[in-house]
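Novice: Would you mind keeping the following structure in view while I ask a few things?
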Amino acid sequence: MSTANVVDVVGTARDRVEGRLKVTGAATYPIDVSLPGLAYAVLVQSTVTSGRIRHIAVGAAEESPGVLAVITHVNAPRIAPGPVTPLGPSPLPPLQSDVVLHYGQHVAMVVAETIEKAQAAAALIGIEYQRDTPIVSFDDSRTSAVSHPWVPDFVRGNAAGALGAADVRTEATYTTADNTHNPIGLFATVASWDGDALTVHDTTQWPHGVRDSLAAAFGVDPGGIRVLVPFVGGAFGAGLRVWPHVTLAALAARVTKRPVKLVLTRAQMFTSIGHRPNSVQQLSLGATRDGRLTAIEHMLTTSLGMAEDFFNPIAHGTAESYACPNVSARARQIRLNIPPPSWMRAPGHAEGSFALESAMDELSYALGMDPIDLRVKNHAHVNPETGLPWSSDALRDCYRVGAERFGWRALDRKPRAVRHGHLLVGYGMARAALIAYQPSCRAVASIRRDGSAVVCSGATDIGSGTYTVMTMLAADYLGLPVERVHFGLGDSAMPTAPQEGGSGLAGALGNAVQAACVDLVRAFVNRVTDDPESPLKGCRLDGITVRDGRMRITDDPSRSETYAEILARHGLDELRIEGESAPPGEASSSTMIVQDGRFIPFTAPSTGARAHAGAFAAHFVEVRVDADLGTVRVARVVTAVDGGRILNTKTARSQIIGGIVGGIGMALLEETVSDRSGRLVNTSLGEYVVAVNADVPDIDVLFVGRPDSMTPVGSKGIGELAITGIGAAIANAVYNATGTRIRSLPISIDRVLGAASSRT
Ligand code: MOS
């Protein structure tokens, strides 16, 4: 029997393995969890932006029917700060003082028998504030810039000198708005204690992070804490940190000795779980007359909460973008009395790429050069920061293939050249890139007596397709049909996994699943190789092929045996192996990969050190602008993606579409608005406008490129790729349509009309 027709399932288009559970309502999200004796917690939030609580009157609330506890800073137990994790410091513990640092800060919690009783009691709490004048603007003279080790500057060459000497220069200020993650699933925590043991169902992207943070907060053994989140309901970065409401839910359960459920309201989602901070970015480019970049200067300011630190990698993307000898990219953060910002899909990169790729478009017009030609001319053949060759790079293929599909070269690129009826039609493109990130991760794989496999890891699936692609990978590695593989995640009792964030999980977890599965097959080989009763006696891992639950001698397929037969003969219920993946470059030389059911050594590039490349893409956008109404519609998008090895073309395409939809929102619609006193004024989905189907055209996604050479699984994370660059591609198309450059996101109706009226 030949194995020539063995085809890996990885790389094909597969429906989500959990799709049926989700669409039938059978998937259990944290908000769906109910327990016997469940009580409900409701949060009261500050209505002022800065100051102190002078007096908080809780008597009426405490006497309200069904109330179990009212907790404020006056009576809250001490809560220790959360740990400093690989993602940086934890948010501040809640209810620890009378100081108010932002609008929407949690100032009281009511726990009651029902949510209605908790809400009714919460409304009876009276608070007297001392109001200070909040700092809510970069221009406030009381602000000062924060510099800390998590936000490095990038400096190479002499950007200022090169700018001064450049033949052609562009220099402009670009801004982006505060954006709020709006996952459909409201964030929920259900906590129950049993002595010092705690079980938490929590909307999180990082179960082990929640476990460790709550252990620190309550001074208990992390081994006694279990965090469960089999389904997330969307997150976009909002679930990367352990926010105060999670701690408060656990506190409520500890104080009342009852299981407690806490669900954030939609309005509370705007102030309690981070947001993308606004940015003001000065970006200058210098180039030779023939379009070679000589200088990039990117100085940007972004906002930070009054007492919280987080890492916003906004300058990294600029530093690694183009082959330019003189670069200065510096990000500074300014503390404001605002709800603490955090990471939101492609944090930093989405904002930074808007400025850089808009500026590249401006330069292309200044030079009279096609924007693709300009980008290709300045293509970074090596990582411009380190000088090392990329582990994979098909960006130029992205430009070429995307341009062909879009019909770019045939377009009239003169501004205001094309009309469709009374609408102005414009075309824009941009480069997109994401920095590579792949932390270590563990997974466990087992094959049971019935021949089926269970593989799991304490990771999450925030909608990205983790369940599906990990099932597919395990199926290929073990030689089982996907129907015979169960993949489990979302449980901190499973092997330690990093957060699903930084677009790093598919690689990190995929490599861990591969390591566990390869070692599991090796364990079967070890069982049979000395077994006189086995037809596989004497076999080696590199001499077998796995398929349909059967191990075969590759050179003599008549000799074969199923996993189930081996387990039965050895009297075993299962074989079970835990595996670990290391960050790229730290992978062991004994790493094996699986191809067509055969086990072959992973050969990392032999040509010396490489720069671990992130994913690349090129976006092409057509917009239609109604100059009278100021409306911009995205009419067409083509995005060509180098994501390395694509694990599932269907879920990968969905990731790219999702990023573009988010990018259309960021570019045209989304803006969290606060008034002069720092209160947020549009904290609902009616007033914070996200892109809906009517805003989104058909999106054409093309995959180019080859498996990445530095990571055994070969994939490059694409969860955040597409929201980078797309804002600039849309803005560039708006310029092409209207002849006016809008340098602030969102490109709202008032900005389009304002730009049109100031146009001479
Ligand atoms: Mo993403 S902002 O790393 O969840």
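The values are calculated or read from the model by the stated rules, or taken from the named source; none is laboratory data. The model shown is predicted, which means the values in this text are computed figures rather than measured ones. As a convention, Cβ positions derive from the backbone with ideal geometry for all residues, glycine included, and neighbour counts pool all protein chains shown. Just the protein is used for accessible areas: all its heavy atoms, side chains included, with ligands, DNA and RNA removed. Shrake-Rupley method; radii C 1.70, N 1.55, O 1.52, S 1.80 Å.
Novice: Could you please state, rounded to a whole Å, how far the C-alpha centre of the stretch 435-500 is from the C-alpha centre of the stretch 348-389?
Specialist: Distance between centres, Cα-based: 38 Å.
Novice: Okay, moving on. Can you give me the distance in nm between label points at residue 23 and residue 385, each placed 7 Å from the Cα along the Cα-to-Cβ direction?
Specialist: For the pair residue 23/residue 385, the computed spacing is 4.2 nm.
Novice: A further question follows. Along the Cα→Cβ direction, 7 angstrom out, place labels at residue 144 and residue 115. What is the inter-label distance in nm?
Specialist: Between residue 144 and residue 115, the label points sit 4.5 nm apart.
Novice: Kindly work out what percent of the DSSP beta bridges joining two residues of the stretch 277-420 are antiparallel, to the nearest 5.
Specialist: Beta bridges within the stretch 277-420, antiparallel portion: roughly 50 percent.
Novice: Multiplying the sequence separation of residue 486 and residue 580 by 0.36 nm and subtracting their Cα-Cα distance, what value in nm do you get?
Specialist: 31.9 nm is the gain from fully extending residue 486 to residue 580.
Novice: For the pair residue 35/residue 78, report the inter-label distance in nm, with labels modelled 7 Å from Cα in the Cβ direction.
Specialist: 2.7 nm
Novice: Next up: Take the alpha carbon atoms of the stretch 518-575, find their center, do the same for the stretch 297-315, and report the distance between the two centers in whole angstrom.
Specialist: Taking the Cα centre of the stretch 297-315 as reference, the centre of the stretch 518-575 is 55 Å away.
Novice: Please report the carbon-and-sulfur percent of the accessible area for the stretch 200-310; probe 1.4 Å, protein heavy atoms only, DNA, RNA and ligands left out. Intermediate results must be reported in sequence, preceding the final value.
Specialist: Values: 1530 of 2780 Å².
Roughly 55 percent, rounded to a whole number.
Novice: Another question, if that's okay. Figure the gain on full extension for residue 649 and residue 529 (residue separation times 0.36 nm, minus the Cα-Cα span) and round it to one decimal in nm.
Specialist: Result for the pair: 39.4 nm of gain on full extension.
Novice: On to the next question. To the nearest 20 Debye, how big is the dipole of the chain about its Cα centre, given +1 on the beta carbon of each Lys and Arg and -1 on that of each Asp and Glu? Don't skip to the answer; put the middle values down first.
Specialist: Values: 68 positive and 74 negative charges, 178 e Å.
Here the size comes out at about 860 debye.
Novice: Provide the gained length on full extension for the span residue 687 to residue 52, in nm with one decimal, where the gain is 0.36 nm per separating residue minus the Cα-Cα distance.
Specialist: 225.6 nm
Novice: Okay, moving on. Would you mind giving the average projected area, over all directions, of the Cα convex hull of the chain in nm² with one decimal?
Specialist: Dividing the Cα hull surface by four gives the mean projection, 34.7 nm².
Novice: Right, next: Using a Förster radius of 60 Å, what is the FRET efficiency between residue 753 and residue 99 based on their Cβ-Cβ separation? Nearest 0.05, please.
Specialist: It comes out at approximately 0.90.
Novice: Let me ask something additional. Once the Cβ-Cβ distance between residue 197 and residue 449 is put in as r, and R0 is 35 Å, what FRET efficiency do you end up with, to the nearest 0.05?
Specialist: 0.65
Novice: Could you tell me the calculated FRET efficiency between residue 542 and residue 266, based on Cβ-Cβ distance and R0 = 60 angstrom, to the nearest 0.05?
Specialist: Numbers: r = 56 Å, r/R0 = 0.93.
Efficiency computed from Cβ-Cβ geometry: 0.60.
Novice: Also: Using Cα-Cα distances under 8 Å and only pairs 6 or more residues apart, what relative contact order does the chain have, in percent?
Specialist: Answer for the chain is 16 percent.
Novice: Further question on the same structure: Tell me, how many Å apart are the Cα centres for the stretch 393-428 and for the stretch 660-712?
Specialist: The stretch 393-428 and the stretch 660-712 have Cα centres separated by 22 Å.
Novice: Could you tally the net charge around residue 137, taking each other residue with its Cβ under 13 Å from the Cβ of residue 137, Lys/Arg +1 and Asp/Glu -1?
Specialist: Numbers: positive: 142, 335, 676; negative: 139, 140, 178, 675.
It works out to a net charge of -1.
Novice: Here's something else I'd like to know. Residues in the stretch 401-427, backbone N under 15 Å from the label point at residue 373 (7 Å along the Cα-to-beta-carbon vector): list them, ranges by number please.
Specialist: Only 408-414 pass the distance filter.
Novice: Something else about it: Suppose we keep just the alpha-carbon trace of the stretch 282-349; what are its Rg and Dmax in angstrom?
Specialist: For the stretch 282-349, the Cα-based Rg and Dmax read 14.7, 48 Å.
Novice: May I ask for the net charge around residue 695, where only other residues with Cβ less than 15 Å from the Cβ of residue 695 are counted and Lys, Arg are +1 while Asp, Glu are -1? Don't skip to the end; give the middle numbers.
Specialist: Numbers: positive: 624, 633, 636; negative: 622, 626, 670, 671, 698.
For residues surrounding residue 695, the net value is -2.
Novice: Still on this structure: Per q in 0.12, 0.15, 0.19 1/Å, what log10 I(q)/I(0) does a Debye calculation on the alpha-carbon atoms of the stretch 158-295 return?
Specialist: Calculated log10 I(q)/I(0) at the listed q: -0.59, -0.72, -1.00.
Novice: When only C-alpha pairs under 8 Å and at least 6 residues apart count, what is the relative contact order of the stretch 1-99, in percent?
Specialist: Taking the mean separation of contacting Cα pairs over the length of the stretch 1-99, I get 19 percent.
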